[in-house]
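Data first, discussion second: the structure below is written as structure tokens.
The values are calculated or read from the model by the stated rules, or taken from the named source; none is laboratory data. Quick caveat: nothing in here was measured; it's all calculated off a predicted structure. Using ideal geometry, Cβ is built from the backbone for each residue, glycine included, and neighbour counts are taken over all protein chains shown.
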Amino acid sequence: MTISRKEKEVPKDLPPARLYLDDIEMVIKVFQEAKQNQTDKPEKQPVLKFEIENQVCTELADLPKITEATKNLTMEVNMPNFSGFLRISPKATHWDTFGLERTEEWSVHSKLEPIFRARERAMVALTRKMPTGAIGVAMGIIVALIVFPYLVSYSIPNMYYPLPSARGLYVVGLILVVLLASYETLTSSHTVVVLRPYSESSAERDKSFRSKVWDVAKIVLAAIVGALIYKFWPKP
């Protein structure tokens, strides 16, 4: 009886990232050179195809004419004897090839992975590593801890059990809302492609950062105002 080791599959899923046109150009180059030796020059330019929300183009320069950024992108890089594909959707980022040997696919993987790792969306990646339903279990535990004292007081009237204060309920409710909103935001997309060169996006990134800081500040301010109203509002 002969025992053999099964070959490891080439990973085809990529981490969530925030990519730019420069990165898409690098991905094209990786596919284009998949069958080239390091000293060889590509014999022919690839035939490209991009699809964003049912709109199709064949030139990288045409992508910004479709939209400014996207969470849905399908890309094909076709060479005479092989093809490479990249599919970005809100749920995953996946690549594949046709016409390559396993060793060549491993080479493609080793070049694609660093492109995405360099632009990785760390919080999205961390959230997606959480077990399915983990956020629901955590929220269920918090709700159970709140409801438990009331159940004890109702079931055993003669037993004293401290009930949570209204202020405590307000804080817990606010935490639950923030947790749920954050989870929904982080899991609503995977890889985002900004259809501009990285160098031209610095001003937009600064503007986006200021906008996010202001959004967080508004949430904190609303929480503070709510706490002050609760504390100083005349009691009946």
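Taken together, R128, R119 contain a single residue that is at pLDDT 90 or above and under 20 Å from the mean Cα position of the chain (by Cα), which is R119. Scan the stretch 64-87 and give yes if some residue there is surrounded by 12 or more Cβ atoms within 10 Å (Cβ to Cβ), closer than 12 Å to L14 by Cα and not charged (D, E, K, R), otherwise no. Yes, because at least one residue in the stretch 64-87 is surrounded by 12 or more Cβ atoms within 10 Å (Cβ to Cβ), closer than 12 Å to L14 by Cα and not charged (D, E, K, R). Number of residues in the stretch 64-81 that are out of contact with any Phe, Trp or Tyr (no Cβ under 6 Å at 6 or more places or on another chain) and closer than 19 Å to K29 by Cβ equals 6.
Based on what the data block shows, is L63 more than 19 Å from S189 (Cα to Cα), in contact with a Leu (Cβ under 6 Å, 6 or more places away or on another chain) and touching a residue at least 60 places away in the same chain (Cβ under 8 Å)? Answer is yes for this residue. Answer yes or no as to whether I66 is aliphatic (A, V, I, L, M) and closer than 21 Å to P16 by Cα. For I66, the condition - aliphatic (A, V, I, L, M) and closer than 21 Å to P16 by Cα - is not met. Scanning the stretch 88-100 for residues that are closer than 16 Å to V193 by Cβ and either touching a Pro at 6+ places or on another chain (Cβ under 7 Å) or in a strand (DSSP E or B) (or both) yields I88, T93, H94, W95.
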